[in-house]
Amino acid sequence: MRIGRIPYLNLFPFYYWFEHYSNKGYQFIEGVPSEVNRLLRIGMLDISPSSSIEYIRGKDRYLIVPGHSISSRGAVKSILLFSKKPIENLNREKILVTYQSESSVLLLKIILTFFYSLNTFLEPSRDKIEDALSSSNAYLLIGDDALRAAKKYSRESLYIYDLGELWYKNTGVPFVFALWIANHSVKESIEEFRHELDSAREWAMSHLELLASECRLQGIMTKEELIQYWKGLSYELDEEHIKGLQLFEDYLRRIDESPPV
């Protein structure tokens, strides 16, 4: 099977396990979330950890691998809005947003619109944060880019907002950033792959110190920071996660951002 591989810290424990302990011979195809979403959509991938918006827009096309997600109950630490102003002062501002993930951009739009009653313009960007903040007052980053920027700017005069934290504060339910989803062509293999993910998650949560020592971000984050990052994420998919996913979909309908594709 062809499996999407997103090269972010949040999924590093799973891919480490696949590389070292799985004997299934999966083919991994790498890309940022927006890229693996597209590859799954056009049939170039069989299964992928894909943005929740990809599933919401393609429910008839995809099957969920049960019991697994990339979520947070509160701060996620790697979906961050960097701003030169307090968030409540961003009304009518242009905000630059990463090109890498549509779910996080839509989450930001929901937060600004419904939680802060702001009217803003979101513009995709591939700029480095230094360049982005020279032309805009705020910039949304995700994944390892966000983690690196948070380390660099944590002592600077920037406001840093964690979107997972803002969502949880206002809703009380987890935010599901991504799901493991599959095309119907591999329906018969989903349960077997679920067991693989079960094994990967169980092993990873018992070997976080080893994973931290093997991680390429070790020079940027300390071992303890890496371990706390993984512990702060939720890799399950239970009833509360489903509620969060449904609430996200409800908000999307209100801003008319989930038409069929």
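What follows draws every value from the coordinates through simple rules; no lab data is involved. Remember, predicted model here, so these are calculated numbers, not experimental data. Please note: Cβ atoms are built from the backbone with ideal geometry, for glycine as well, and neighbour counts cover all protein chains shown.
Which of the lysines could a cross-linker bridge to residue 24, judged by Cα under 19 Å and excluding same-chain residues fewer than eight apart? Within the straight-line limit of under 19 Å, residue 24 reaches these lysines: 187. Computed from the alpha carbon atoms alone, the convex hull of the chain holds 120 Å³ per residue. For the stretch 126-135, backbone phi angles converted through the Karplus equation (6.51, -1.76, 1.60; θ = phi - 60°) give residue-by-residue couplings of 10, 5, 6, 4, 4, 6, 4, 7, 8, 10 Hz, Gly and Pro being listed as x.
Could you sort 197-209, 135-147 so that the peptide with the highest average Cβ count within 10 Å comes first and the rest follow in order? Intermediate results must be reported in sequence, preceding the final value.
On the way: 197-209: 15.2, 135-147: 22.0.
In decreasing order of mean packing, 197-209, 135-147 become 135-147, 197-209.
DSSP assigns beta bridges within the stretch 79-171; of those with both partners inside it, close to 55 percent run antiparallel. Given axes a ≥ b ≥ c from the Cα gyration tensor, I'd like to know whether the stretch 46-120 is rounded (a/c under 1.5), prolate (a/b larger than b/c) or oblate. Verdict is prolate for the stretch 46-120. Inter-label distance, residue 186 to residue 42: 1.8 nm, where each label sits 7 Å from its Cα along the C-beta direction. Projecting the Cα atoms of 125, 222, 135 onto the dipole axis of the chain, where Lys and Arg carry +1 and Asp and Glu carry -1 at the beta carbon, places 135 farthest toward the positive end. Just from its helices, what would the mean residue ellipticity at 222 nm be for the chain, if runs of 4 or more DSSP H residues each count -39500 (n - 2.57) and the sum is divided by every residue, rounded to the nearest 500 deg cm²/dmol? Calculated at 222 nm, the ellipticity per residue is -12500 deg cm²/dmol. Mind checking which aspartates and glutamates have their Cα closer than 14 Å to the Cα of residue 59? Skip sequence neighbours fewer than 8 apart in that chain. Excluding near neighbours in sequence, the set is 249.
For the pair the stretch 191-261 / the stretch 1-45, the C-alpha centres are spaced 14 Å from each other. Across the stretch 79-171, the volume of the C-alpha convex hull divided among the residues equals 87 Å³ per residue.
Counting Lys and Arg as +1 and Asp and Glu as -1 over every other residue whose Cβ lies under 13 Å from the Cβ of residue 174, the net charge comes to -2.
Rounded to the nearest 20 Debye, what is the dipole magnitude of the chain about its Cα centre when Lys and Arg each give +1 and Asp and Glu each give -1 at the C-beta? Dipole of the chain, to the nearest 20 debye: 600 debye. Highest mean packing first, where packing is the average number of other Cβ atoms within 10 Å per residue, the peptides 104-117, 223-236 line up as 104-117, 223-236.
Taking the Cα centre as origin and putting +1 on Lys and Arg beta-carbons and -1 on Asp and Glu beta-carbons, what dipole magnitude results for the stretch 46-87, to the nearest 20 debye? Could the numbers behind the result be given before it?
Working: 7 positive and 3 negative charges, 75 e Å.
Around 360 debye, computed over the stretch 46-87.
Taking 0.36 nm per residue of separation and subtracting the current Cα-Cα distance, fully stretching the chain between residue 250 and residue 195 would add 16.7 nm. The alpha carbons of the stretch 1-100 stretch over 52, 31, 23 Å along the principal axes, in descending order.
Highest mobility in the GNM of the chain, judged by mean-square fluctuation with C-alpha springs under 10 Å and restricted to 51, 213, 72, is found for 213.
Of 77, 187, how do they rank once you tally other Cβ atoms within 10 Å and put the fewest first?
Values: 77 21, 187 10.
Result, fewest neighbours first: 187, 77.
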